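To keep things clear, I will list the structure first and then write my remarks on it.
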Amino acid sequence: MCGIIGCVGREDETLDVLVHGLSKLEYRGYDSAGVALTGDRLGICKQAGEIEALREALEARTLSGSAGIGHTRWSTHGPPTDENAHPHQDCSGDVAVVHNGIIENYQQLRDGLVSAGHHFGSDTDTEVVPHLVEDELAAGADPETAVRRAVARLEGSYAIAVVVAGSDAVYAARNDSPLVLGVGDGTGAAEDADAPGTGEGDGDAAADGQAYYLASDVPAFRDFTDRVVYLDDGEFAVLSAEGCRVTDVDGNTVDKPVDTVDWDPEETGKSGYDHFMLKEIHEQPRAIRQCLRGRVDEMTASVDIGDLGDLSPTGVQFVACGTSYHAALYGAQLLREAGIPAQTFLASEYATSPPPIGDALVVGVTQSGETADTLSALREAAKRGARTLAVTNTVGSTAARECDHALYIRAGPEIGVAASKTFASQLTALNLFALGTTRTGDTRDVIAALRELPSDVQQILDDSAAEAIAETYVDADGYFFIGRGLQFPVALEGALKMKEITYKHAEGFAAGELKHGPLALVTSETPVFAVVTGDDEMATKTVGNVKEVEARDAPVVAVTDGQSTVERYADHVLDVPETHPRAAAVLANVQLQLVSYHVADKLGRSIDKPRNLAKSVTVE
Ligand code: M6R
């Protein structure tokens, strides 16, 4: 996930607006940043590193212009280097583009452009766009038409902003990636600004101090205006001194409503959600989609995870911590189902594990790619002669750099300390890994279920009864979570989430283990969340375990797709859509995330920054 900012305003202010906007968007990605401003020629400055590095680089430059674009990057194509930082330019240096999303047909476009003599300076998918615009300009199109035609050739997800030398405008388009416009400015001119869609303005924005903005998210310009226009997929915008115009794919003007945001600028990074965690829970459909994008083909029931598909390990050891450990437990089960011996180790305990055998692969599952315990286990594995793979969210992280291979989960930056969307993306990526490296089993069914996952998750987000259940049990003494098979890691994750954000006692168990000790703790004050999906033998056995707790007066909350008889013994039900068992684990977890979130919210906890915890744990 990257951040985009654009501005048309006073020549002496635009650059400051861009840099300020980038600092507000840094949570979306922070491995490199850059800006481009238009005058007669384009001025550009971009830099690997955080916004501060860009600020320092700008001190040595004189950039000015009334129209400009900026970008903060979270790498997806190519490592975080100066060359891969946005904006990207064409061969002439007259076109600059920033982009958020993934252009799926970029290789095909790039091949065509290279054959036509274009020179590329980066590894990014984005760079095809300025070259496409360049071709259209060379063919005689005006800048707006050139950008429009270039965008029409793109497939995939994008929010794009473009500036062209000699034109004091910013051109923007969106498809499946957010983009919002800001109208007016903080000097009072906003009151007089014409609404987008009218295509009118007083023609002298610079003189009036009037300004127009665009960004991936409102916080980027919230300090300057509270008047916003949300672009929809397929729409195109032109911001210029004449005003701000929105059109559809065919160029017809669209009358867009101008909304007023009532959020405190301090809070707008949460896009209106009370907490980053809730926002991130709601981002899961999109995160899963991003993880799958370009990697699965439902028609041929195939998975493309690049070179990783050739790894063919004879055995796999997973190392991970916390939530990532739970994802690793799940991943190991998938491999074992495909006949590959797979074990999971807490990274901090890896030193005591048996050495990897033969041509084994050691997989570090780590959202941040910086967790010291996991890095240390991976280094130990390398010392023992194993090949290593990082399954991570962070391009350019230590794990990604040090391992022999990396598989990116593409969840986008996660701000809340409690992992939520990254767990869903880890499970999705591990499915791809298992399918891609083993090529056995019911590939077609799994792929179909994965493709449905985003909408199934959305259904849960729309209809969940979790808040009411949280209200009922907010004062409970403690919480138990049980599940079997693929739902065992989900039970563990449900308990971890409850502990870390509510500060209440919670434990997760393999359902069959309850009777071997923990049952002694079960009372009428300890709700048991039983995750039971499907109606196979495992589900039947878990229903048996539910009966055991019900007989001890414990309230039971069943997380179920309704296929088994568990509802008969449950006090409450959290529904999940019926799907493949692998996808059911992701869905059940969403319900448990919501329960923990709402309990914590009702208790007034510091949800995004729980006490004593850090997002990235860089000490052993
Ligand atoms: O960045 P990592 O995935 O390596 O982090 C590992 C754990 O510290 C992490 O999953 C932690 O347990 C979660 N923040 C809990 O929600």
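All of the numbers you see were taken from the coordinates with simple rules; none came from a lab. Fair warning: this is a prediction, and the values are worked out from it, not measured in the lab. Quick reminder, even Gly has a Cβ in these numbers, built from the backbone with ideal geometry, and neighbours come from all protein chains shown.
With Cβ to Cβ distances under 11 Å as the rule, what net charge do the other residues near TYR503 carry (K, R +1; D, E -1)?
Numbers: positive: LYS499, LYS504, ARG605, ARG611; negative: GLU500.
Every neighbour counted, the sum reads +3.
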Karplus 3J(HN,Hα) series, Hz, for region 2-16 with 6.51 cos²θ - 1.76 cosθ + 1.60 (x for Gly, Pro): 10, x, 10, 9, x, 7, 10, x, 6, 4, 7, 10, 4, 4, 4
Summed residue charge, Cβ within 14 Å of GLY234's Cβ, Lys/Arg positive, Asp/Glu negative: -4
Using alpha-carbon coordinates, inclination of helix 421-438 to the longest axis of the chain, degrees: 80
Of ALA360, ALA558, ALA146, farthest towards positive along the dipole that unit charges on Lys, Arg, Asp, Glu beta carbons give the chain: ALA360
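Taking every DSSP beta bridge that has both residues in the chain, what percent is antiparallel when rounded to the nearest 5? Don't jump to the answer; show the numbers that get you there.
Details: 61 of 99 bridges.
That works out to approximately 60 percent antiparallel.
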Protection proxy ranking of 410-418, 532-540, 109-117 - average other beta-carbon atoms within 10 Å, highest first: 410-418, 532-540, 109-117
Vicinal HN-Hα couplings computed from phi for region 34-45 (Karplus, 6.51 cos²θ - 1.76 cosθ + 1.60; Hz; Gly/Pro x): x, 9, 9, 10, 9, x, 5, 10, 7, x, 9, 8
Sorted by Cβ neighbour density within 10 Å, fewest at the top, the residues CYS7, CYS321: CYS321, CYS7
Cα coordinate range in region 248-403, projected on the principal axes (Å, largest first): 65, 42, 26
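Just check region 342-458 against the gyration tensor rule for me: Cα atoms, a ≥ b ≥ c as the square roots of the eigenvalues, rounded for a/c under 1.5, and otherwise prolate or oblate depending on whether a/b exceeds b/c. Don't jump to the answer; show the numbers that get you there.
Working: a/c = 2.20, a/b = 1.34, b/c = 1.65.
Verdict is oblate for region 342-458.
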Net charge of neighbours whose Cβ lies under 11 Å from the Cβ of ALA381, counting Lys and Arg as +1 and Asp and Glu as -1: +1
Other-chain or far-sequence residues with amide H under 5 Å of GLY156's (modelled H): GLU104
Amide H partners (placed H, <5 Å) of LEU407, local residues excluded: ALA390, VAL391, THR392
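Report D for the chain in µm² per second (integer): Stokes-Einstein, Kirkwood Rh on Cα pairs, 10 °C, 1.306 mPa s. Could you put the intermediate results ahead of the total?
On the way: Rh = 25.6 Å.
Value of D from the Cα-based Kirkwood radius: 62 µm²/s.
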Acute angle (nearest 10 degrees) that the helix 128-138 long axis makes with the longest principal axis of the chain, alpha-carbon atoms: 20
Links that overshoot a 18 Å alpha carbon limit, given the list LYS421/LYS504; LYS504/LYS602; LYS421/LYS541; LYS24/LYS421; LYS279/LYS499; LYS499/LYS541: LYS421/LYS504; LYS421/LYS541; LYS24/LYS421; LYS279/LYS499; LYS499/LYS541
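Counting Lys and Arg as +1 and Asp and Glu as -1, each charge on the Cβ, what is the dipole of region 1-83 about the Cα centre in debye, to the nearest 20? Mind dumping the intermediate values first?
Details: 8 positive and 13 negative charges, 50 e Å.
Rounded to the nearest 20 debye, it is 240 debye.
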Efficiency of FRET from Cβ geometry, ALA551 and VAL474, R₀ 25 Å, rounded to 0.05: 0.50
Peptides 351-359, 368-376, 294-302, 541-549 ordered by average Cβ neighbours within 10 Å, highest first: 368-376, 541-549, 294-302, 351-359
Degrees separating the helix 537-550 axis from the principal Cα axis of the chain, which is the longest one: 70
Alpha carbon centroid spacing (whole Å) that separates region 336-397 from region 217-296: 39
Computed [θ] at 222 nm, deg cm²/dmol, the chain (DSSP H ≥ 4; -39,500 (n - 2.57); rounded to nearest 500): -10000 deg cm²/dmol
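Using the reciprocal of the averaged 1/r over all distinct C-alpha pairs, how large is the Kirkwood radius of region 476-581 in Å?
Values: mean 1/r = 0.0751 Å⁻¹.
By the Kirkwood definition, the hydrodynamic radius is 13.3 Å.
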